[in-house]
Amino acid sequence: MPARTKAAQTTRKTTRATKRRRGPAEPRGPVPSESAIEQADPAVAALADRVRRADGAVLAAFKDPFASSPLLLASLPLRSLEPTPFQRDLSRTHADKLVAAIGAAGAFLDPVIAVAGGERFWTPNGRHRLAAAKQLGLRSVTALIVADDAMAYRILALNTEKAHNLRDKSLEAIRMARALAKEQPRVLEKDHATSFEEAYFLTLGIAYEERGRFAGSSYTSMLRRVDRFLDATLPKALRQREQWARRLMDVDDRVSEHVKRLQEMGFKSPYLRQLVVARCNPVRWIPLKRGQTAPPMPIAEALTRMTASVRKFDPTKVRAADLALVAAVAPAED
C-alpha cells in the first residue's frame, strides 16, 4: 500500500452514528402517600356498597398509579364472579396446571380483575383462576375491582395469565365485538381499535367460530397488510366481515384440495398449506414503504385476486426446494 494512502487512513477520523436515547417519561400518577382512598369517598362509595351487597369485603381503596383511577381490592365470594361472556374458551389442561401450582405454592396469590357486571361481577381475565379456585374448593378469591366497566373490553392487550395464540385472540376479539354491537350499536368499529388490537383478529375470529381448526396463521401475512378497522358501525362492520370470512374460508377450501393433491404426489411436509397460500398471496411481492399505514389494496380486492390465484395454482410445479424456503419463514401453527 502506498505510504501516502496509509498515512491518510491513519489520520482519518471515524464518525459513528449515535442513537438518541429516549429519556424517562415525565412523572405522572400519585405519589405513595397520596394513593390511599377512604371507602366513603364518592369515587368508590357506590362500588364498595356493591361489594358488601355481594357478601364481599373491601380490603383497600386506592388510586391507580398510572392515571389515578379509583380501584378497590376486595375479597369476593366465588359465586359472585363469572368470566365475561366473550372471553376465550377454558383450557382444562391449563386450569389443572394452575390447581397443581397453587397447591404446591400453598397460596392463591394472583388477584383477578373484576368490573361490576349484571347481577355478578365480571372478570375479563380470570377464567382459568376461577376454574382452579372452584376445583380447590375456595370460598372466596381476591379481586382488583375497576370502577370503569369499559375495562372489560380493554383487557385483551394486558392479559398475561396465559399467552394467547392467534385462535384465542381472534375468538375473544370477535366475541367482544358482538357484545359491543348489542350494547353500543351506533359506535364505529374503528373507535374500538385499542380493544380489538388488530383488525384481522375480527375477520379470523368469524372463521374460527365456524371452523375451530381453521388454519388462520397461514393467512395472517396477507391479512395484516390489507385488513383495517372500518369507519362503520359495529353491526354493519360485522356483516361486512362475515362476507370476508366466508370468502376466506372458500379460498381455504380450494387450498385444502391443493394440499391433498400435493400429498398424493408424495410431499409430506407440514408446510404444504403455507406454500400454497404464499404462492397465492396477492400482496406478497408488494414492497412495504417506511411509515406506510395505508393498505397496498383493499381487502375485498385482495380476496378477489387470491381466489383467482388459488384457482390457477398448479401443484405439479411445486419442488422440494420451494418447501424448504417456506419452512424457514412459516409462522407457528395456531
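Read the figures in this text as sums done on the coordinates, not as results from a lab. The structure presented is a predicted model; accordingly, all values stated were derived computationally and were not measured. Cβ sites come from the backbone with ideal geometry, for glycine too, and all protein chains shown count toward neighbours.
Laid out as a table, the results:
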read-out	value
Computed [θ] at 222 nm, helices only, for the chain once each DSSP H run of length n ≥ 4 contributes -39500 (n - 2.57)	-13500 deg cm²/dmol
Ranked by how many other beta carbons lie within 10 Å on average, peptides 282-295, 49-62, 201-214 from highest	201-214, 49-62, 282-295
Least to most buried among Leu180, Leu78, Leu248, Leu130 (fewest other Cβ within 10 Å first)	Leu78, Leu130, Leu180, Leu248
Length-normalised contact order of region 22-133 in % [C-alpha pairs under 8 Å, at least 6 apart]	23
Inter-probe distance in nm under a simple model that places probes 7 Å from Cα toward Cβ, at Glu26 and Asp55	4.9
Kirkwood hydrodynamic radius (C-alpha pairs) into Stokes-Einstein, the chain, 37 °C and 0.692 mPa s, D in µm²/s	138
More than 27 Å apart - percent of Cα-Cα pairs taken over region 166-329	28
Region 176-330 - charge dipole about Cα centre, Lys and Arg +1 at Cβ, Asp and Glu -1, debye rounded to 20	400
Normalised contact order of region 166-329, rounded percent, pairs of Cα under 8 Å and 6 or more residues apart	24
Dipole of the chain, positive direction: furthest Cα of Leu72, Leu166, Val146, with charges on the beta-carbon	Leu166
Shape of region 42-181, Cα gyration tensor, a/c cut at 1.5	oblate
Net charge dipole size for region 26-165 [Lys, Arg +1 and Asp, Glu -1 on Cβ; Debye, nearest 20]	560
Simple spin-label estimate for Phe66 and Glu183 in nanometres, 7 Å along Cα-Cβ	1.8
Relative contact order, percent, the chain [alpha-carbon distance under 8 Å, six or more residues apart]	12
Exposure proxy order (Cβ contacts within 10 Å, fewest to most) of His128, His192	His192, His128
Stretchable slack from Leu73 to Trp285, in nm (0.36 nm times residue separation minus alpha-carbon distance)	71.1 nm
Only Lys, Arg (+1) and Asp, Glu (-1) charged, at Cβ; the chain dipole about Cα centre in debye	2060
